[in-house]
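Input: a single structure, listed below in structure tokens.
Values quoted throughout were computed directly from the atomic coordinates according to the rules given, and no laboratory measurement underlies them. Fair warning: this is a prediction, and the values are worked out from it, not measured in the lab. A quick note on method: Cβ atoms are made from the backbone with ideal geometry, for glycine too, and the neighbour counts reach across all protein chains shown.
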Amino acid sequence: MKPLARREGLLIRELPDELLVYDQADHRAHCLNRTAATVFRHADGTRTAAEIARLVAPEGADGEPAVAEALARLAEAGLLEKGPSPASLSRREAMRRAGLGAAVLLPAVASIVAPSPAEAAATCIYIQQNPTGCTGQSGTPCSCYGLPGSACSGTCLPTDTCSDC
Amino acid sequence: MGSWPSGMPRLRPGSVTLGRLDALGWRAGTCVEAYGLRIGVRTNVSELLDRLEAHLPPGWRPCPSPLVDQMFSLWVDPRSDGPSRPSRVYVGRRRRVRTPDVGRAFAVLESEIRQSVAASAVGRTFVHAGVVGWSGRAIVIPGRSRSGKTTLVAELVRAGAQYLSDEFAVLDARGRVHPFAKPLSIRGPGGCDLHARARRAEELGGTCATRPLPVGLVVLAEHRPGASWRPERLSPGRAVLEMLAHTVPARLRPEASLVSLERAVARAAAWKGERGEARELVPLLLESLESGEGRISRRSAGGRGTR
């Protein structure tokens, strides 16, 4: 198996020890640490995992578990065109084989979903739904203008401690 | 308010039509520009236009042309009087809120205008964050609404930090953060919305920054009562990712957003963790920024996150 990383539809930004990848298809952004970034760069469909491992690990070290782990994480993040499926790898086994000596090679891929403008900028503003029935007391149903599913709960926030209420 | 340009705003040719909304009997309107976005606001009650200025985004200026990029409409039931007047706010042709309170309608209008500016600003990247300045560098506190940004910003300002914003970090292409000094929206005791107040930085004993600052510290601090500040230090890449999660044009202009964020964090330390009370965190953050490398002292931070 010669893994192939995706290139289409990705914005890639190089940082000194990391790689930022923005997937324009699903608006997910990923931060690859040094090991994951090295695997991502060299997974070009011409090298086997063992060959990539030799590029990742210092001389004499076994880099294959770290590469296997990195490929699994890249696959989970949707950044592999061709490679092992995440389920086909036993990460625990791979890392057990790697042992403590490979700790510095531990690959990491952190991911987020980029927010829509409304999600990023939403401000919760309390809107009184029923002017005669709603006093703003905790638990009263109100409509909160803001972002559904965010900290805005759709009910009045506690006013029990508000000396002005 | 006599400086309002006269003339009802209308959308630029080629924009989506507003359909039946245009026929609602608009009596007054104005056009302003902020961060390169031309904004039209119209209402069916002429007197309400005089209340608009207080709700416009920082940095707005009158726009002589009636052609606008975005139209906001405030409709108030003309048969009613006093503060309880059924009102509706539209952005384009979409109704954003219906409320019996004109004051709340203005609050929504203000928020919608700011959101549009944040999404469409030319040459700027808006990140939902509180920002203060200290010793010539900015402390940026990204977070969602109700995450405690304003509380922390207010405490920092009371401690002598310069105020830049309690809502948006406005980044330029070099990664510097510009002031967006709207009044702080300080909720009542216990987070009470009914008694929220707008406070200027000067009312808290502080001052506003007037020029852009490089970022020295990025703080992702989720408030949890009783928590002690034991943050994790973030790598530059992780810091960019965390800030991107609060970046308004992240999906619209991902590349420009990433460039601004990268440059913003290039010389900044970034910390993430749970915090307790804001006033306990303030001296730690200021000390961290003054240490030059964003160091959190072992004594004050409880040991973790120490370099």
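Over all alpha-carbon pairs of chain B, lay out the pair-distance distribution in 20 Å bins, whole %, shortest bin first.
Cα pair-distance distribution for chain B, in percent: 32, 53, 15, 0.
For A:R47, B:R42, what's the fewest-to-most ordering of other Cβ within 10 Å of each Cβ?
Starting with the residue having the fewest Cβ neighbours, the order is A:R47, B:R42.
First check a/c for region B:94-190, with a ≥ b ≥ c the square roots of the eigenvalues of its C-alpha gyration tensor; if it is under 1.5, answer rounded, and if not, answer prolate when a/b is larger than b/c or oblate otherwise.
Since a/c reaches 1.5 but b/c is at least a/b, the shape of region B:94-190 is classed as oblate.
Using a simple charge model, +1 on the beta-carbon of Lys and Arg, -1 on the beta-carbon of Asp and Glu, nothing else, what dipole does chain B show about its Cα centre, in debye to the nearest 20?
My answer is approximately 580 debye.
How much length, in nm to one decimal, is gained on full extension between A:L106 and A:K82, taken as 0.36 nm per residue of separation minus their Cα-Cα distance?
Gain on extension, A:L106 to A:K82, equals 6.5 nm.
What area, in nm² and to one decimal, does the C-alpha convex hull of region B:151-291 cast on average over all directions?
Averaging across all directions leaves 8.8 nm² for the Cα convex hull.
For B:L204, B:L156, what's the fewest-to-most ordering of other Cβ within 10 Å of each Cβ?
Ascending number of Cβ neighbours within 10 Å: B:L204, B:L156.
Relative to the Cα centre, what is the charge dipole magnitude of region B:125-301, using +1 at the beta carbon of each Lys and Arg, -1 at the beta carbon of each Asp and Glu, and rounding to the nearest 20 debye?
So the magnitude is around 120 debye.
So how far, in whole Å, is the C-alpha centre of region A:1-30 from the one of region B:220-249?
22
Determine the relative contact order of chain B: mean sequence separation of Cα pairs under 8 Å and six or more apart, normalised by residue count, in whole percent.
14
Which ordering of B:I186, A:I52, B:I139 is given by a fewest-first count of other beta-carbon atoms within 10 Å?
Ascending number of Cβ neighbours within 10 Å: B:I186, A:I52, B:I139.
Relative to the present Cα-Cα distance, how much length would full extension add between B:S291 and B:R51 at 0.36 nm per residue of separation?
Taking 0.36 nm per residue and subtracting the Cα distance, the gain is 81.8 nm.
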